[in-house]
């Protein structure tokens, strides 16, 4: 009786000619293909989020600038001084060109008297610089109007 050594049949991967060094969980090119397809979508989503955040920041900045300018103007004694103070404060608060390009401050002193009010409208265009990847709409503007009441017991000059 002759004894033959037992032979182990080849694995399916070996029968197909696959390298033996490949790990069982290795998916090869499928991971690279998935990354190549998902990376541009993830980058585009990040740019869209930046654009939306810029719009929200622009609206908040415009509202804050209008309120501060109205309060600053209401503290003055004459309509001319109120307009100058409101324009100064409004323009100084709108210095970030990334969120607010081409700022504009309009002051209404037609009701500037004790017990009256001062209206300040601030507007600007949301900047799209650096967002060319998603081709956002240009010329989206934000504006806000704020009112400040003039103290009833305060003396107001005639503006001369």
Can you tell me which of (1) in a helix (DSSP H, G or I); (2) touching a strand residue (DSSP E or B) at 6+ places or on another chain (Cβ under 7 Å); (3) closer than 20 Å to residue 124 by Cα; (4) free of Cβ contacts under 8 Å to residues at least 60 places away in the same chain is the one residue 62 doesn't meet? (4)
Residues 102, 119: which one is in contact with a strand residue (DSSP E or B) (Cβ under 6 Å, 6 or more places away or on another chain), exposed (fewer than 14 other Cβ atoms within 10 Å of the Cβ) and over 11 Å from residue 62 (Cα atoms)? 102
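Considering only segment 28-43, I want to know if a residue exists there that is at pLDDT below 75, surrounded by fewer than 16 Cβ atoms within 10 Å (Cβ to Cβ), out of contact with any helix residue (DSSP H, G or I) (no Cβ under 6 Å at 6 or more places or on another chain) and not in a helix (DSSP H, G or I). Before you say what the answer is, go through the steps one by one.
In the first step, residues of segment 28-43 are kept if they are at pLDDT below 75; the result is 28-30.
The next check asks that each one be surrounded by fewer than 16 Cβ atoms within 10 Å (Cβ to Cβ); those that pass are 28-30.
Among the residues that remain, those that are also out of contact with any helix residue (DSSP H, G or I) (no Cβ under 6 Å at 6 or more places or on another chain) are: 28-30.
Going one step further and asking which of them are not in a helix (DSSP H, G or I), we end up with 28.
There is at least one residue in segment 28-43 that is at pLDDT below 75, surrounded by fewer than 16 Cβ atoms within 10 Å (Cβ to Cβ), out of contact with any helix residue (DSSP H, G or I) (no Cβ under 6 Å at 6 or more places or on another chain) and not in a helix (DSSP H, G or I).
Only residues that are more than 23 Å from residue 151 (Cα to Cα) and in contact with a helix residue (DSSP H, G or I) (Cβ under 9 Å, 6 or more places away or on another chain): list them for segment 63-100, please.
Within segment 63-100, the first condition is being more than 23 Å from residue 151 (Cα to Cα), and the residues that meet it are 91-100.
Matches in segment 63-100: 91, 92, 93, 94, 96, 98, 99, 100.
Could you list all residues from segment 65-92 that are in contact with a strand residue (DSSP E or B) (Cβ under 7 Å, 6 or more places away or on another chain), surrounded by fewer than 21 Cβ atoms within 10 Å (Cβ to Cβ) and either in contact (Cβ under 8 Å) with a residue 40 or more places away in the chain or under 20 Å from residue 111 (Cα atoms) (or both)?
To start, the set of residues in segment 65-92 that are in contact with a strand residue (DSSP E or B) (Cβ under 7 Å, 6 or more places away or on another chain) comprises 65-67, 69-71, 73-74, 82-83, 86-87, 90-91.
Add one more test, that the residue is surrounded by fewer than 21 Cβ atoms within 10 Å (Cβ to Cβ), and what stays is 67, 71, 87, 91.
Result: 67, 71, 87.
The values are calculated or read from the model by the stated rules, or taken from the named source; none is laboratory data. Computed from a predicted structure; not experimentally measured. Neighbour counts run over all protein chains shown; Cβ positions are idealised from the backbone, glycine included.
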